[in-house]
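Engineer: First, the structure itself, so that you have it in front of you.
The values are calculated or read from the model by the stated rules, or taken from the named source; none is laboratory data. Please read all numbers here as calculations on a predicted model, not as lab measurements. Counting neighbours? That spans all protein chains shown, and the Cβs are built from the backbone with ideal geometry, glycine included. We work out accessible area using only protein heavy atoms, side chains counted, and drop any ligands, DNA or RNA first. Shrake-Rupley method; radii C 1.70, N 1.55, O 1.52, S 1.80 Å.
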Amino acid sequence: MNDYRRMIDRLARSNHAIALTGAGISVESGIPDFRSLGGLWSRYHPIEYGHIDSFRSNPAKVWKMLLEMDALLSRADPNPAHFALAKLEALGIIRAVITQNVDSLHQRAGSKRVIEFHGHNRSLRCESCNLRYPREKISLSVTPPACRCGGPLRPEIVFFGEQIPTIAFTEAMSAADSCDFLMVIGTSAAVAPASQIPLVAKNRGAFVLEINPTPSELRKEMVDFRIAQSAGTALPEIVTLIGVNNYE
Ligand code: APR
């Protein structure tokens, strides 16, 4: 049995496999990631446009970046990588997907247990009074969109400088601390505390599989097996192999 087959075998026999996903898994859905060439952070300075203090001091400026993000998200559909993860959950292999993405593509592909570490884009919240509005009820023809109290609306995403939503943080850390197999897919692992999740999993003895065409910031010794392919190629292949071997 070669190393790849051994990894598949380990996944198939795991009791509690989970996935951590980042922007890379949605690249094949037409949403460029943040840090690759052409990504949002190569055109907008992450602190100037992505920090909560920047939003508070100049919401109109930050909405230039948010509008672009919103347009990309609204055009995107799940790709074979999202469907493959949903299939692995349906097969009883994957127990949860922790995602840093705000695009809801895992849920749209059929994943049931999705922990949204960085929030989501399905609703907008008033920065002044916290009133929430479904995204589709708000026109973005004038930005920043305003709440009925006059405060600026912001997507329900986590800006730099903000806390991870408590429930998502607790659930993610508990999933990482009880998993025996972690798939790290399409993330640079450059942003804490999400970047701590592989460490938590590794410390409790989990097997770590990384799927990323280019090396991330995860230390080499953290990763047990690396697939240097796009998620849309690697994940459907894994599903096929698990299916062929008919693991229960
Ligand atoms: N399949 C798998 N991985 C891919 C693909 C692909 N098709 N295309 C690109 N990647 C990889 C890149 O090589 C990179 O390592 O996805 C990773 C994307 O990294 P980032 O752009 O840094 O995105 P992410 O890790 O999700 O960023 C974390 O930072 O900007 C904040 O809040 C934002 O959630 C985001 C967080």
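Engineer: Restricting attention to the stretch 21-51, and to residues there that are more than 6 Å from the ligand (Cβ to nearest atom) and among the charged types (D, E, K, R), which single residue is farthest from ASP77 (Cα to Cα)?
Structural biologist: Out of the qualifying residues, it is GLU48.
Engineer: Listed residues ILE47, ILE93; which is outside the structural domain of THR143 (by TED's automatic domain parsing), among the hydrophobic types (A, V, I, L, M, F, W, C) and touching a strand residue (DSSP E or B) at 6+ places or on another chain (Cβ under 7 Å)?
Structural biologist: ILE93
Engineer: Separate question: Of everything in the stretch 17-37 that's assigned to a loop (DSSP other than H, G, I, E, B) and open to solvent by less than 40 Å² (accessible area, probe 1.4 Å), which residue is nearest to ALA201 (Cα to Cα)?
Structural biologist: Pass one, the stretch 17-37, residues assigned to a loop (DSSP other than H, G, I, E, B): 22, 30-37.
So of that shortlist, the ones also open to solvent by less than 40 Å² (accessible area, probe 1.4 Å) come out as 22, 31, 33.
Values: GLY22: 17, ILE31: 28, ASP33: 24 Å.
Checked the stretch 17-37; the qualifying residue nearest to ALA201 (Cα to Cα) is GLY22.
Engineer: Let me ask something additional. Which of the numbered conditions does ASN212 fail, given that it passes all the others? Conditions: (1) in contact with a Ser or Thr (Cβ under 9 Å, 6 or more places away or on another chain); (2) within 13 Å of the ligand (Cβ to nearest atom); (3) within 18 Å of ARG6 (Cβ to Cβ); (4) open to solvent by less than 30 Å² (accessible area, probe 1.4 Å).
Structural biologist: ASN212 satisfies every listed condition except (3).
Engineer: Being buried (at least 17 other Cβ atoms within 10 Å of the Cβ) and in contact (Cβ under 8 Å) with a residue 40 or more places away in the chain is true for just one of LEU66, LEU40. Which residue is that?
Structural biologist: On the way: LEU40 fails: in contact (Cβ under 8 Å) with a residue 40 or more places away in the chain.
LEU66 is the lone residue from the list that is buried (at least 17 other Cβ atoms within 10 Å of the Cβ) and in contact (Cβ under 8 Å) with a residue 40 or more places away in the chain.
Engineer: Can you tell me how many residues in the stretch 144-175 are more than 16 Å from the ligand (Cβ to nearest atom) and surrounded by 14 or more Cβ atoms within 10 Å (Cβ to Cβ)? Outline the logic, then answer.
Structural biologist: We begin by selecting, within the stretch 144-175, every residue more than 16 Å from the ligand (Cβ to nearest atom); these are 144-153, 166-167, 170-171, 173-175.
Adding the requirement that they be surrounded by 14 or more Cβ atoms within 10 Å (Cβ to Cβ) leaves 144-147, 151-153, 171, 173, 175.
Of the residues in that region, 10 qualify.
Engineer: Which residue is farthest from the ligand (Cβ to nearest atom), if the candidates are limited to the stretch 107-122 and must be open to solvent by less than 20 Å² (accessible area, probe 1.4 Å) and in contact with a strand residue (DSSP E or B) (Cβ under 9 Å, 6 or more places away or on another chain)?
Structural biologist: Quick first cut of the stretch 107-122, residues open to solvent by less than 20 Å² (accessible area, probe 1.4 Å) only: 109, 111, 115, 117, 119.
Remaining after also requiring in contact with a strand residue (DSSP E or B) (Cβ under 9 Å, 6 or more places away or on another chain): 111, 115, 117, 119.
Working: SER111: 17, ILE115: 13, PHE117: 8, GLY119: 9 Å.
Step by step, filter the stretch 107-122, then rank; the result is SER111.
Engineer: How many of the residues in the stretch 217-229 are over 18 Å from LEU11 (Cα atoms) and touching an Asp or Glu at 6+ places or on another chain (Cβ under 7 Å)?
Structural biologist: The number of residues fulfilling the criteria is 1.
Engineer: Checking the structure you have, find out if any residue of the stretch 52-66 is under 24 Å from GLN107 (Cα atoms), modelled with pLDDT of 95 or more and more than 10 Å from the ligand (Cβ to nearest atom). If you could, list the steps in order and put the result at the bottom.
Structural biologist: Of the residues in the stretch 52-66, the ones under 24 Å from GLN107 (Cα atoms) are 66.
Right, trim to modelled with pLDDT of 95 or more and you get 66.
From the residues that got through so far, the ones that are more than 10 Å from the ligand (Cβ to nearest atom) too are 66.
There is at least one residue in the stretch 52-66 that is under 24 Å from GLN107 (Cα atoms), modelled with pLDDT of 95 or more and more than 10 Å from the ligand (Cβ to nearest atom).
Engineer: Among residues belonging to the stretch 79-101 that are among the aliphatic types (A, V, I, L, M) and within 14 Å of the ligand (Cβ to nearest atom), point out the one that is surrounded by the fewest Cβ atoms within 10 Å (Cβ to Cβ). Quick ask: steps written out before the conclusion?
Structural biologist: Pass one, the stretch 79-101, residues among the aliphatic types (A, V, I, L, M): 81, 84-86, 88, 90-91, 93-94, 96-98.
Restricting the remaining residues to those that are within 14 Å of the ligand (Cβ to nearest atom) gives 81, 84-85, 97-98.
Values: ALA81: 28, ALA84: 24, LEU85: 30, VAL97: 28, ILE98: 26.
That would be ALA84.
Engineer: Still on this model: Give GLY205, GLY232 a once-over and let me know the one that is more than 15 Å from ASP9 (Cα to Cα), within 13 Å of the ligand (Cβ to nearest atom) and of a type outside the set (A, V, I, L, M).
Structural biologist: Working: GLY205 fails: within 13 Å of the ligand (Cβ to nearest atom).
Only one candidate passes the filter, namely GLY232.
Engineer: Pick from SER141, SER128, SER104, SER178: which is open to solvent by less than 70 Å² (accessible area, probe 1.4 Å) and either assigned by TED's automatic domain parsing to the domain that holds GLU68 or more than 18 Å from LEU67 (Cα to Cα) (or both)? Walk me through it before giving the result.
Structural biologist: Values: SER141 fails: open to solvent by less than 70 Å² (accessible area, probe 1.4 Å); SER128 fails: open to solvent by less than 70 Å² (accessible area, probe 1.4 Å); SER104 fails: either assigned by TED's automatic domain parsing to the domain that holds GLU68 or more than 18 Å from LEU67 (Cα to Cα) (or both).
Sole residue among the options that is open to solvent by less than 70 Å² (accessible area, probe 1.4 Å) and either assigned by TED's automatic domain parsing to the domain that holds GLU68 or more than 18 Å from LEU67 (Cα to Cα) (or both): SER178.
Engineer: Would you check if LYS202 is among the basic types (Lys, Arg), within 27 Å of GLU28 (Cα to Cα) and in the same structural domain as ALA109 (by TED's automatic domain parsing)? Even if it seems obvious, please write down each step before you answer.
Structural biologist: Numbers: among the basic types (Lys, Arg): yes; within 27 Å of GLU28 (Cα to Cα): no; in the same structural domain as ALA109 (by TED's automatic domain parsing): yes.
No: the conditions fail for LYS202.
Engineer: If you don't mind, there's one more thing I want to ask. Here are some conditions: (1) open to solvent by 20 Å² or more (accessible area, probe 1.4 Å); (2) within 16 Å of the ligand (Cβ to nearest atom); (3) more than 15 Å from the chain's Cα centre (by Cα). ARG75 meets all but one. Which one does it not meet?
Structural biologist: Unmet condition: (2).
Engineer: Note down all Cβ pairs under 6 Å where the first residue falls in the stretch 6-23 and is farther than 13 Å from PHE225 by Cα, the second is modelled with pLDDT of 95 or more and of a type in the set (Gly, Ala, Ser), and they're at least six residues apart or on different chains.
Structural biologist: HIS16/SER178; ILE18/ALA96; ILE18/ALA175; THR21/GLY186; GLY22/GLY186
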